[in-house]
């Protein structure tokens, strides 16, 4: 007898909290349940934190359930205060719509939208045209301010200040659940564990207004063994967009995670069978690198395709076990001015995103962590000139695992 998908999610370590656990387990035991996860378009790409939730949707869809991807073209105009110590930047409508369009394409990485197997909707459709007084009478009347203020998503903001704009967010997210319940028979709202308060509000609203069977479930955030969020590098978030995080940089991120985090990432970010993951869990010492390679290849393959994963893996071998160079390494072309008159090396590395700041670059130099070609660079005022180009290229290495190639302009 196949395992209940709820047990699969539990055994792989996804589930953090759930309302009405026995009812949810029973609902998911047979194909046909409709569920949703919301994604606010606050950036022009999804990142690896979103990827965990996309994996959950994919697992549930494979078990015969129907995902609704809710894009927050409406709620994105407000900004979710959950997990924030400050007010989110309020985006304009054109930016939000552009971000929504990008999300639409990236969702297809894991979710099958053919033949109504999944639905994608934008809450701008019903939120932007709301009549404020009608909304307050129908929805606002169902919420206790005292109870809202006790919610975890608001508690941490009260001391620094919570705007009335953000205070409305919980009502709008709850209203989304009500709309999706009415339109599509959606019974479960899912999300990251930082969404628990908002999800409870939606479950309660559906049950009050429709006397319907509505449930909520949250998933563990992608964190290290030490409890810090994963998916950040010196240059910012690890994005799913190949233009923002190259497939090679994406591959290397997973290849270089701490040994203690490999098994958890294999469970959450791949479809590898748990029995095979347990075999990886028994590895120790240098053997753990095999698990890291498998993780990096699998996740890169899902997001960017197997060809890109193969290419990234081959590039890593060329750089770290071979000649120290690769045709696929990140490459930048110098301007004629820079090539003819020289350019400050730290300025150049900052511009291409190899260092987050000049201070970090100076620190790396003090630790002998920057090399130009084969020479360790210790001079913070070092100028790269035409003399540094051998065979038409100059290669900078940061630490042991980050490379960047510079080439002259096509003069």
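Is it the case that residue 384 is under 32 Å from the mean Cα position of the chain (by Cα), touching a residue at least 40 places away in the same chain (Cβ under 8 Å), surrounded by 13 or more Cβ atoms within 10 Å (Cβ to Cβ) and not assigned by TED's automatic domain parsing to the domain that holds residue 237?
Values: under 32 Å from the mean Cα position of the chain (by Cα): no; touching a residue at least 40 places away in the same chain (Cβ under 8 Å): yes; surrounded by 13 or more Cβ atoms within 10 Å (Cβ to Cβ): yes; not assigned by TED's automatic domain parsing to the domain that holds residue 237: yes.
For residue 384, the condition - under 32 Å from the mean Cα position of the chain (by Cα), touching a residue at least 40 places away in the same chain (Cβ under 8 Å), surrounded by 13 or more Cβ atoms within 10 Å (Cβ to Cβ) and not assigned by TED's automatic domain parsing to the domain that holds residue 237 - is not met.
Sub-7 Å Cβ pairs linking a first residue in region 346-367 that is at pLDDT below 85 to a second residue that is surrounded by 14 or more Cβ atoms within 10 Å (Cβ to Cβ) and assigned to a loop (DSSP other than H, G, I, E, B), at least 6 apart or interchain, are 353/235; 356/235, ordered by first then second residue.
State whether the residues of region 188-207 include one that is assigned to a loop (DSSP other than H, G, I, E, B) and surrounded by fewer than 23 Cβ atoms within 10 Å (Cβ to Cβ).
no
Checking the conditions here, which among 117, 102, 157, 147 is modelled with pLDDT of 85 or more and over 18 Å from the mean Cα position of the chain (by Cα)? First the steps, then the outcome.
Details: 102 fails: over 18 Å from the mean Cα position of the chain (by Cα); 157 fails: modelled with pLDDT of 85 or more; 147 fails: modelled with pLDDT of 85 or more.
Residue meeting the stated conditions: 117.
Considering region 24-39, the residues that are in contact with a strand residue (DSSP E or B) (Cβ under 8 Å, 6 or more places away or on another chain) and assigned to a loop (DSSP other than H, G, I, E, B) include one that is surrounded by the fewest Cβ atoms within 10 Å (Cβ to Cβ), namely 32.
Selection of region 258-292 for residues being surrounded by fewer than 18 Cβ atoms within 10 Å (Cβ to Cβ) and part of a loop (DSSP other than H, G, I, E, B) yields 258, 271, 272, 273, 282, 283, 284. Considered as a group, the residues in region 114-129 that are over 21 Å from residue 44 (Cβ atoms) and touching a strand residue (DSSP E or B) at 6+ places or on another chain (Cβ under 7 Å) include one that is surrounded by the most Cβ atoms within 10 Å (Cβ to Cβ), and that residue is 118. Residues that are assigned to a loop (DSSP other than H, G, I, E, B) and touching a strand residue (DSSP E or B) at 6+ places or on another chain (Cβ under 8 Å) within region 390-409 comprise 392, 408, 409, listed in sequence order.
Checking the structure you have, find out if any residue of region 70-90 is outside any loop (DSSP other than H, G, I, E, B), touching a strand residue (DSSP E or B) at 6+ places or on another chain (Cβ under 8 Å), surrounded by 14 or more Cβ atoms within 10 Å (Cβ to Cβ) and modelled with pLDDT of 85 or more. Looking through region 70-90, at least one residue is outside any loop (DSSP other than H, G, I, E, B), touching a strand residue (DSSP E or B) at 6+ places or on another chain (Cβ under 8 Å), surrounded by 14 or more Cβ atoms within 10 Å (Cβ to Cβ) and modelled with pLDDT of 85 or more.
Count, please, the residues in region 353-372 that happen to be in contact with a strand residue (DSSP E or B) (Cβ under 8 Å, 6 or more places away or on another chain), in a loop (DSSP other than H, G, I, E, B) and surrounded by 15 or more Cβ atoms within 10 Å (Cβ to Cβ). Of the residues in that region, 3 qualify.
The values are calculated or read from the model by the stated rules, or taken from the named source; none is laboratory data. Please read these numbers as outputs of a predicted model, since none were measured by experiment. All Cβ positions, glycine included, derive from the backbone under ideal geometry; neighbour counts span all protein chains shown.
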